[in-house]
Amino acid sequence: MDVVIGIDTGTTATKGVAAGPTGELRALTSVHYPLSVPGPGRAELDPTQLTDAAVKALTDVAAECARNGDRVIAVSLSSFLHALVPMDAAGKPAGAVVTWADGRSAEQCERIVASGRHAKLQARTGTPVHPMSPLTKLAWWSENDPETLRGTARWGGVKELIVAALTDEPFLVDLSIASGTGLYDIHSRQWDAEALELAGIRPAQLAEVVPTTHRLRLRADVAAAAGLAPDTPLIIGAADGPLANLGVGATPAGVAAVSLGTSGALRTVVGRPTTDEAGRLFCYALTEDRWVIGGAVNNAGSVVRWAGQSFAAGFERPGAEGEDADERDAALLEEAAGVRAGSEGLLCLPYLLGERAPWWRSGLRGAYLGLRREHSRPHLVRAAVEGVCQQLALVRDSFDAEGCPVTEIRATGGAAASELWISILAGALDLPVSVADTPEGTALGACLLARHALGELPDLDEAAALVPTGRHTRPDPDDAALYRRLRPLVERSALAVLDVVAELDKLAPEPLPATEKAVHS
């Protein structure tokens, strides 16, 4: 059959899929690479490893398509948001890729917030002023390494890198990625003058912005290496979050997507750029007339993995010898399922990696409140999962405040395989949750966007019928009522302890630089 290949460049792996006309997966591959943590607050990737992984994922999937007898009619790209990399005039990387998880610009972020400029910046750019964003990263460079900032011909992100590696086209970026930089005015559709002033750069140092459906052509040597026709079109694609909505069929009004991987997010699609006065929601493009609003949380499956590493030393069960981390996580969740909703009065602020939505405050730290002697490991694990789901529910509450009510959730990601995660999520959101059948919603979203660009999927809402869902979970009314009562306590306690954790941060010794390590979601 005729298939489209979607290439999704993530923080720790590049996924490749081939999908048929109705979204059925025909081939799948994954290429992993290490996340480098060269010092406190740093999180970087090797740009060459990213481009090599994209080429390998493309060639591997194309080879599988050839074995299946399928014809590749297009390739489409997805990449993660908020990355920043210095580049030379030819678009080649001149340094490491600084990822969304890099927090070195916390001080610059706090200074912008203290100046009162953050609200209008977010209203124009759709991106919260937070250490994740390229805006604050560039402000860090401006203060700490102005010579590099001035001497760098171009500043780009992951999408610019991959486009340069696969095509001979000029320096380009799609509207979706641009809308997540904190540097682009999503209403006037141009680079924002005030943001560029704060960042210390000129418009000429940034890529030309094109629609997410923009067609390019694979470079001849890349097409040949993958065994593809030399005129195979490359659709520039969009960012991973908006494409995940498309890939799980969460584009119609009232349907939202939840991603539950290492981190998490809740997003819904609207018809125009929309920003909220409270500044709790981001707004990123899917296409020129479809925009995704929502919030990302730093901690999701990572809290259970941390619990397994911290609370499960010597955790032995019959047949558990040689158990890997995923199996240990499943065993901990099975234990936690025996605890009642509310974890018997135990509240967890699960901010092990700081936090983003809905407050976008740097410096948030994790805590357990209400800890008593009768609480044991299952309570600690369940409270952590509840804390993550409550954080996502706070994002959903912001949708309601903006007149964008949600009536259905489609979930995807590794943690979505757990019945406990989904039951707690349904209760916290007080909404029915369906788990998407596809294991790679983001890459599938890239394939569906390519079909749209080729004119084969005129209405993106048709994706909802193409993407099947499996397990359906309705909220327990009693659990939902309890979580609704607890949610204000989450917000009150998280913000109340900010001053305390700031003092604790000052007293804590500097962590030792970490060696390069692989982090898997």
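The values are calculated or read from the model by the stated rules, or taken from the named source; none is laboratory data. Bear in mind the structure is a predicted one, so any value in this text is a computation, not a measurement. Counting neighbours? That spans all protein chains shown, and the Cβs are built from the backbone with ideal geometry, glycine included. Note: accessible area is taken over every heavy atom of the protein model, side chains too, but ligands, DNA and RNA are not part of it. Shrake-Rupley method; radii C 1.70, N 1.55, O 1.52, S 1.80 Å.
Values as computed for the structure displayed
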item: Members of segment 406-428 that are open to solvent by less than 10 Å² (accessible area, probe 1.4 Å) and without any contact (Cβ under 8 Å) to a residue 60 or more places away in the chain; result: ILE422, ALA426, ALA428
item: Index of the failed condition, GLU110 passing every other in (1) modelled with pLDDT of 95 or more; (2) part of a helix (DSSP H, G or I); result: (1)
item: Scan of segment 164-185 for residues that are under 25 Å from PRO273 (Cβ atoms) and either out of contact with any Phe, Trp or Tyr (no Cβ under 8 Å at 6 or more places or on another chain) or surrounded by fewer than 19 Cβ atoms within 10 Å (Cβ to Cβ) (or both), ordered by number; result: PHE171, LEU172, VAL173, ASP174, LEU175, ILE177, THR181, GLY182
item: Members of segment 99-128 found to be among the hydrophobic types (A, V, I, L, M, F, W, C) and either farther than 18 Å from GLU355 by Cα or open to solvent by 10 Å² or more (accessible area, probe 1.4 Å) (or both), listed by number; result: TRP100, ALA101, ALA106, ILE112, VAL113, ALA114, ALA119, LEU121, ALA123
item: Filter result for the condition that a residue is of a type outside the set (Val, Ile, Thr) and within 21 Å of ALA74 (Cα to Cα), over ALA238, ALA195, ALA265; result: ALA238
item: Hits in segment 329-378 (condition: charged (D, E, K, R), surrounded by 17 or more Cβ atoms within 10 Å (Cβ to Cβ) and out of contact with any Asp or Glu (no Cβ under 9 Å at 6 or more places or on another chain)); result: ASP329, GLU335, GLU355, ARG356
item: Index of the failed condition, ALA229 passing every other in (1) open to solvent by less than 30 Å² (accessible area, probe 1.4 Å); (2) in a loop (DSSP other than H, G, I, E, B); result: (1)
item: Neighbours by Cβ (under 6 Å, 6+ apart or cross-chain): first from segment 341-356, within 11 Å of HIS379 (Cβ to Cβ); second of a type in the set (D, E, K, R); result: SER343/ARG382
item: Test for VAL433: is it in contact with a strand residue (DSSP E or B) (Cβ under 6 Å, 6 or more places away or on another chain), modelled with pLDDT of 90 or more and over 26 Å from LYS15 (Cβ atoms); result: no
item: Extreme residue, modelled with the lowest pLDDT, among residues of segment 129-163 that are within 14 Å of ASP88 (Cα to Cα) and open to solvent by less than 10 Å² (accessible area, probe 1.4 Å); result: LEU149
